[in-house]
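Novice: One structure, as structure tokens, below. Some questions next.
Please treat every number below as a calculation from the coordinates, not as lab data. Note that the coordinates shown come from a computational prediction; the quantities given were computed from them, not determined experimentally. Note that each Cβ is placed from the backbone with ideal geometry, even for glycine, and that neighbours are counted across all protein chains shown.
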Amino acid sequence: RKEVEQDPGPFNVPEGATVAFNCTYSNSASQSFFWYRQDCRKEPKLLMSVYSSGNEDGRFTAQLNRASQYISLLIRDSKLSDSATYLCVVNMYGQNFVFGPGTRLSVLP
Amino acid sequence: DVKVTQSSRYLVKRTGEKVFLECVQDMDHENMFWYRQDPGLGLRLIYFSYDVKMKEKGDIPEGYSVSREKKERFSLILESASTNQTSMYLCASSSGSGANVLTFGAGSRLTVL
């Protein structure tokens, strides 16, 4: 079993739609969690950290379920500019970051 | 903002050549990382360093070495480049404490002929 798993997609959604991505991780000792966004041929950039209580940043909401070992990202009112690959990242032992394979999102006009 | 700078965006090398990829960060981060990213395989950790002169193997260290002589600089070395090392190489750094977030450089796309 891979340490971090994501549905690779692609998710093709119309503008204005709500879309949700899930990510599961295998190591229950994982300490911190993130969603990164990566545009084509660019480096990954931090979208948001994921906190135990859940957190929201504008149209983006992230949730963590430690008992079931999954993380989710909800995007409301999708924009064309949200088209990208979304990477789930788990940090273990303070130093090692483990990446999921990414979920590709295409927002269509 | 944290800035991670990779010296070369695009390189073309021949099989057997020695390749140096340089990475510099300007925020006094403790940890630095080298990843490679390939289609269908995602990001894979090659090496990381949590202190000057310290290094740890990642998931795919074979064929690579690293050097961290100064805190701000982490170099990836391909002693004898091979075609299967054609890839996008991404350097990253993190503080190692507090808001321990990874920040990436823009990447170095290496083609080995």
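Novice: Which lysines have a Cα less than 27 Å from the Cα of B:K71, not counting those fewer than 8 places away in the same chain?
Specialist: Result set, ordered by chain and number: A:K42, A:K45, B:K3, B:K18, B:K53, B:K55, B:K57.
Novice: Counting Lys and Arg as +1 and Asp and Glu as -1, each charge on the Cβ, what is the dipole of region A:56-109 about the Cα centre in debye, to the nearest 20?
Specialist: 100
Novice: Moving on. Where does chain A land on Rg/Rh, using Cα atoms and the Kirkwood Rh?
Specialist: My calculation puts Rg/Rh at 0.95.
Novice: Which Cys residues of the protein assembly as shown have no other Cys Cβ less than 4.7 Å away and so no disulfide-compatible partner by this rule?
Specialist: Those would be A:C40, since no other cysteine Cβ in the protein assembly as shown comes under 4.7 Å of theirs.
Novice: A further question follows. So if I place +1 on the C-beta of Lys and Arg and -1 on the C-beta of Asp and Glu, and nothing else carries charge, what would the dipole magnitude of the protein assembly as shown be about its Cα centre? I want it in debye, nearest 20.
Specialist: Details: 26 positive and 24 negative charges, 86 e Å.
Roughly 420 debye, rounded to the nearest 20.
Novice: For the protein assembly as shown, what is the per residue volume of the convex hull drawn over the alpha-carbon atoms, in cubic angstrom?
Specialist: 123
Novice: Given points 7 Å out from each Cα along the Cα-Cβ axis, report the A:A29 to A:K45 separation in nanometres with one decimal.
Specialist: Modelled inter-label distance: 3.5 nm.
Novice: In which sequence would A:V89, A:V107 go, from the one with the fewest C-beta neighbours within 10 Å to the one with the most? Walk me through the numbers on the way to the answer.
Specialist: On the way: A:V89 25, A:V107 20.
With the sparsest Cβ surroundings first, the list reads A:V107, A:V89.
Novice: Would you please name the chymotrypsin sites (Phe, Trp or Tyr not before Pro) within region A:2-76 that are DSSP coil residues with at most 16 other C-beta atoms within 10 Å of their C-beta?
Specialist: Passing sites in region A:2-76 are A:Y51.
Novice: What FRET efficiency would be calculated for the residue pair A:M92, A:E56, taking the C-beta separation as r and a Förster radius of 30 Å, to the nearest 0.05?
Specialist: Working from the Cβ atoms, E equals 0.75.
Novice: Compute the label zone of B:S97 within region A:78-92: residues whose backbone N is under 19 Å from the point 7 Å along Cα-to-Cβ.
Specialist: Hits in region A:78-92 for B:S97 at 19 Å: A:92.
Novice: Can you run the Rg to Rh ratio on region B:1-80? Use alpha carbon positions and the Kirkwood inverse-distance Rh.
Specialist: Looking at region B:1-80, the ratio lands at 0.96.
Novice: Using the beta-carbon distance between B:S65 and A:D77 and R0 = 41 Å, what value does 1/(1 + (r/R0)^6) give for FRET efficiency, to the nearest 0.05? Don't jump to the answer; show the numbers that get you there.
Specialist: Values: r = 48 Å, r/R0 = 1.16.
The calculated FRET efficiency here is 0.30.
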